[in-house]
Amino acid sequence: MKKNILAVFLILCLSAAASELPFIEPFEASSVTNGALNSQNGWTASGTTATVQTNVVQTGSQALQIQNAQITHALSNSSSSVWVRFQARITAKPAANPSVSNANTSVAFYINTNLNLVVYSNQTAVTLAKTIQTNVWTRFDIYCDYDNLKWTLSVNGTNVAQNLPLFSGNRQMESVLIANSSTNAVYFDELAVQETEPTGSVIDTDGDSIPDWWEQRYFGGITNSIATGIASNGLTYLQSYLANLDPGNPDDKLAITMGTGRKFNWIRKPDRQYEVYWTSNLTSGFTYIQTVAGSEFEDTNTVRTTKESGFYQIRVRP
């Protein structure tokens, strides 16, 4: 059985019906009510305390409080890239260090008794110099690359561990597990597990407009590509990222075909939108028509379609 475990006090790992990604859990009234979390919104809880409460929150009016307990939620992903984000607030040093016993784990990390982050590189626990403060909210971001079996962890927008080998060779997430074995409370809020690049928080350490995850995925490091460099598909590396193309595959291109009338088709790339523009001549500039999330566009506007000639431009963006 494949599983994906993500550990902090958290651990990401299967139960019955799985929720397809994206899975967003704000621990607000829109998804769960105040009180015991068990059986709410697909969550299964065991142990002493796993409660939705209103006293300590990061955003909104509710957050999860967990003590000597764990919660799980079944998930299902179809993409090779998975992003996980959550906020956590610990109230004291853990009493003991957890261990990862499931051989099918994908990603694992935890906070040890000295408040250091401990990450797993393959099945080896590596203690980082990075420490986590108590009684403040801390944002954790995880990027998991199932194609290359690598993962990256950042804290409050800064990378702390990059391109680590996954714990095992399994290539699919099946559930998320959050656990705290201490009697001291830990609070969780704003959990998001998704297959699309998070908006507004993608880390770009070297400031070249290409995010770290993309450079790590295709070049093995966050400074190993040059935005203006030419990829094997003929585009620059920046253009390849924006179009969600594999820079190492010369055949991976955004090919646009024209059908009957004013209908255009292309192969849609995951997590990309396409903006369509038009102009009657190439000297007057293009006018925006609409944004397409799918893989085709048909122009039915008679003002444009009755023109003897015209030019269309399709721009791709994250």
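The values are calculated or read from the model by the stated rules, or taken from the named source; none is laboratory data. Note that the structure is a prediction, hence the values are computed from the model and not measured. Glycine gets a Cβ as well: all are built from the backbone with ideal geometry, and neighbour counts include every protein chain shown.
Residue check: is TRP83 crowded, with 20+ Cβ neighbours inside 10 Å and out of contact with any Leu (no Cβ under 9 Å at 6 or more places or on another chain)? Considered against the rule, which asks whether it is crowded, with 20+ Cβ neighbours inside 10 Å and out of contact with any Leu (no Cβ under 9 Å at 6 or more places or on another chain), TRP83 comes out as yes. Exactly one residue among ALA192, ALA227 is more than 15 Å from the chain's Cα centre (by Cα) and of a type outside the set (Ser, Thr, Tyr), and that residue is ALA227. Screening TRP214 with (1) crowded, with 21+ Cβ neighbours inside 10 Å; (2) in a loop (DSSP other than H, G, I, E, B) gives one miss only, at (2).
Under the condition of being under 17 Å from PRO318 (Cα atoms) and among the charged types (D, E, K, R), the residues counted in the range 226-251 number 1.
Let's see how each residue does on (1) more than 13 Å from GLN313 (Cα to Cα); (2) assigned by TED's automatic domain parsing to the domain that holds TYR218; (3) in contact with a His (Cβ under 9 Å, 6 or more places away or on another chain); (4) buried (at least 16 other Cβ atoms within 10 Å of the Cβ):
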residue: ARG262; (1), (2), (3), (4): no, no, no, yes
residue: ILE267; (1), (2), (3), (4): yes, no, no, no
residue: VAL276; (1), (2), (3), (4): no, no, no, yes
residue: THR279; (1), (2), (3), (4): no, no, no, no
residue: GLY285; (1), (2), (3), (4): no, no, no, no
residue: TYR288; (1), (2), (3), (4): no, no, no, no
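The set of residues in the range 95-113 that are of a type outside the set (Gly, Ala, Ser), under 30 Å from GLY60 (Cβ atoms) and modelled with pLDDT under 90 comprises PRO98, VAL107. Looking at ASN148, ASN163, just one residue is outside any strand (DSSP E or B), at pLDDT 90 or above, of a type outside the set (Lys, Arg) and closer than 28 Å to ARG272 by Cα, and that residue is ASN148. Say we look at the range 1-60 and pick out the residues that are within 19 Å of SER175 (Cβ to Cβ) and acidic (Asp, Glu); which of these is modelled with the highest pLDDT? Result: GLU25. I'd like to know if the range 81-88 contains one or more residues that are in a strand (DSSP E or B), under 29 Å from PHE167 (Cα atoms), modelled with pLDDT of 95 or more and of a type in the set (D, E, K, R). Looking for residues that are in a strand (DSSP E or B), under 29 Å from PHE167 (Cα atoms), modelled with pLDDT of 95 or more and of a type in the set (D, E, K, R), one finds none in the range 81-88, hence no.
Of all the numbered requirements in (1) part of a loop (DSSP other than H, G, I, E, B); (2) out of contact with any Lys or Arg (no Cβ under 9 Å at 6 or more places or on another chain); (3) surrounded by 18 or more Cβ atoms within 10 Å (Cβ to Cβ), THR105 misses one, and that requirement is (2).
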